[in-house]
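First the structure, in the form of structure tokens, and then the observations on it.
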Amino acid sequence: MLHVDLDQFIAAVEVLRRPELAGRPVVVGGRGDPTERAVVSTASYEARAFGVGSGMPMKIAVRKIPDAVFLPVDAAAYEAASAVVMATLREQPGVVVEVLGWDEAFLGVTTDDPEGVARQVQAAVLAATELHCSVGIGDNKVRAKIATGFGKPRGHYRLTAENWFAVMGERPTRELWGVGAKVSARLGTLGVRTVAELAVAPEPDLVTEFGPRMGPWYGGLGRGEGPRVVDDSPWVARGHSRETTYQQNLTTPEQIADAIRVLAEAVHGDTEAEERPVVRLTLKVRYAPFFTKVYGGKLPEPTRDRDAVVAAAVDLAGRLEPDREVRLLGVRAEMALPTPTDPETRTPVRGRW
């Protein structure tokens, strides 16, 4: 099983369009204006050397690198480049491709020489697009995904059950796929700080902290466990989300409610295109100066009714902290799946804020 990840994909696409930018720190985000409120979508390796990374406010990025090149997000260009990459991967002999996003995919292949396949894939992508990629090799999706990080940039790395603990055992849980800062901190309260400690953590403790589904999942991550089947069926969206960063803070309940209505109506339109009912809503808020919280709730019953979806989203505003100014709002609607069960070949670490 291989995980293919394009190196600094968005920045690389921009450099291909503007060769004179090669070797310069390039930061892509928002409308390309670092004086506006927006976050970094991606940064070139040259920019990352100064501590600039995805999710960082553009205003902080320009303080770190005043002479960087700041560019607006051009989703259409990235989608076009991604389409060529994925088509190239599907052309490789004997390979099953599961697309994860613009810049990454899992490949399933039967071979005695996975490193040879990795080199072949890298050469094919480079020839078709002039883009470089890194490849992780594993005996399941989790290990393949994590292995890619050790192969960057432009290389490949193998991580399997044989070397899992030698490579990952003493590393902090934060380095596991799907374990963010908040989950890592919660694990820390259980005395679990390393991958090896997570591997032997008592499952009842994990279930108490994270629930009956995610508790065992996190324990399995500590042992490097994960799905072993590459599924080339089209990805079925779990939900849709819209969010807006406001150039001026929202300061009144009326402003916030109006903004939520606009977002919820747009999200409802996205879900209607799927022809599936909404089952859960989530409201994301970023308070000034830069503190983010997420509030969610299951709807009383699945619905495709726009007014019901919008009303439920506005109701979530009642859970916001009063008297705090708001700089960003987002609404996410999760839909009923078209089939009653979620295929185990898919990892749950997808489609969330």
- Task: Would you kindly state how much longer the chain becomes between ARG119 and GLU170 on full extension, computed as 0.36 nm times their sequence separation minus their alpha carbon distance, in nm to one decimal?
- Result: 15.4 nm
- Rounded to the nearest Å, what's the spacing between the alpha carbon centres of the stretch 169-238 and the stretch 9-66? Just the number, please. 31 Å
- Putting +1 on Lys and Arg Cβ atoms and -1 on Asp and Glu Cβ atoms, find which of VAL236, PRO300, TYR246 reaches farthest to the positive end of the dipole of the stretch 193-308. TYR246
- Accessible area (Å², per residue) of the stretch 158-279, counting only protein heavy atoms and a probe of 1.4 Å: 53 Å²
- Message: Students often forget the sequence filter, so: which lysines lie under 25 Å Cα-Cα from LYS64 once same-chain residues fewer than 8 apart are removed?
- Response: LYS152
- Net dipole in debye of the chain [+1 Lys, Arg Cβ; -1 Asp, Glu Cβ; about Cα centre; nearest 20]: 880 debye
- Message: Can you tell me which aspartates and glutamates have their Cα less than 19 Å from the Cα of LYS284? Leave out same-chain residues fewer than eight positions away.
- Response: GLU243, GLU254, ASP258, GLU265, ASP270, ASP315, GLU321, ASP323, GLU325, GLU334
- Task: First compute the accessible area of the chain with a 1.4 Å probe, then give the percent of it belonging to carbon and sulfur atoms.
- Result: 52 percent
- Item | Compactness index (Cα Rg / 2.2 N^0.38 Å), the chain | 1.05
- Can you tell me the order of 189-200, 286-297, 205-216 when each peptide is scored by its average per-residue count of other Cβ atoms within 10 angstrom, highest first? 189-200, 205-216, 286-297
- Note on the structure: Within the stretch 1-98, DSSP-loop chymotrypsin sites (Phe, Trp or Tyr not before Pro) with at most 16 other C-beta atoms within 10 Å are PHE50
- Task: Would you list, by chain and number, the lysines whose Cα falls below 26 Å from the Cα of LYS145, excluding same-chain residues fewer than 8 positions away?
- Result: LYS182
- Query: Assuming R0 = 22 Å, what is the FRET efficiency of ASP67 and ARG17, from their Cβ-Cβ distance, to the nearest 0.05?
  - Reply: 0.65
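The values are calculated or read from the model by the stated rules, or taken from the named source; none is laboratory data. Everything quoted here is computed from the prediction, not taken from an experiment. In this analysis, Cβ positions are derived from the backbone assuming ideal geometry, glycine residues included, and neighbour counts consider all displayed protein chains. In case anyone asks, the SASA skips ligands and DNA or RNA and just uses the protein heavy atoms, side chains included. Shrake-Rupley method; radii C 1.70, N 1.55, O 1.52, S 1.80 Å.
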